[in-house]
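Read the figures in this text as sums done on the coordinates, not as results from a lab. All of these numbers come straight from a predicted model, not from anything done at the bench. Virtual Cβ from ideal backbone geometry, glycine too; neighbours counted across all protein chains shown.
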Amino acid sequence: MKKKLKNNFKDSRGTIIDIFTNQPKDHCTLVTFNKSAVRGNHFHKKSTQYSYVISGKLRMFTVKVNKKGLLIGKIKKDIVSSNTLIEHKPYSAHAFKALKKSNLLAFVNGKRGGKNYEKDTFRLKAKLI
């Protein structure tokens, strides 16, 4: 799922955009990209990850994988930019390549933060990018 978020409120001071409502998350992290940087090339078995693009422009690659991490189906490619929210469900492999300097917030339902970072992160043998 990918959706462009709209302003909830706007005045002379700026805007307010709700990323989530009534949906607490277990973890949030800021991910930065220099131009041409590649991140991701992994999937989660239990966690749902949400990626919110704060700024920049990224080429996103996604594909379903099986329990062994083998690709199922065709790799989908998309361009995502600011104010876009992407949902990566379990067994949905994902990777990003920065088309220009970019920033995103990654929110997770499930183990993913701090010392648990790698507990539900499975690297792809056949990288998407």
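Observations on the structure shown:
- Sequence-distant contacts, meaning Cα pairs under 8 Å at least 6 residues apart, place the relative contact order of the chain at 37 percent.
- Taking Cα centre as origin and charging only the Cβ of basic (Lys, Arg, +1) and acidic (Asp, Glu, -1) residues, the dipole magnitude of the range 49-120 rounds to 240 debye.
- Among the listed values (1) 20, 20, 13; (2) 25, 17, 13; (3) 69, 14, 10, the one computed from these coordinates for semi-axes √(5λ) of the Cα gyration tensor in Å is (2).
- Magnitude of the charge dipole, the chain, Cβ model with Lys/Arg +1 and Asp/Glu -1, debye to 20: 560
- Shape of the range 41-86, Cα gyration tensor, a/c cut at 1.5: oblate
- For a modelled paramagnetic label at residue 17, 7 Å from Cα along Cα-to-Cβ, the residues of the range 26-44 in reach, with backbone nitrogen under 15 Å, are 31.
- Loop-located chymotrypsin sites (Phe, Trp or Tyr not before Pro) in the range 19-56 (DSSP state other than H, G, I, E, B) with a sparse environment of at most 13 neighbouring Cβ atoms within 10 Å: 20.
- Extension gain, residue 79 back to residue 30 (0.36 nm per residue minus Cα-Cα distance, nm): 15.7 nm
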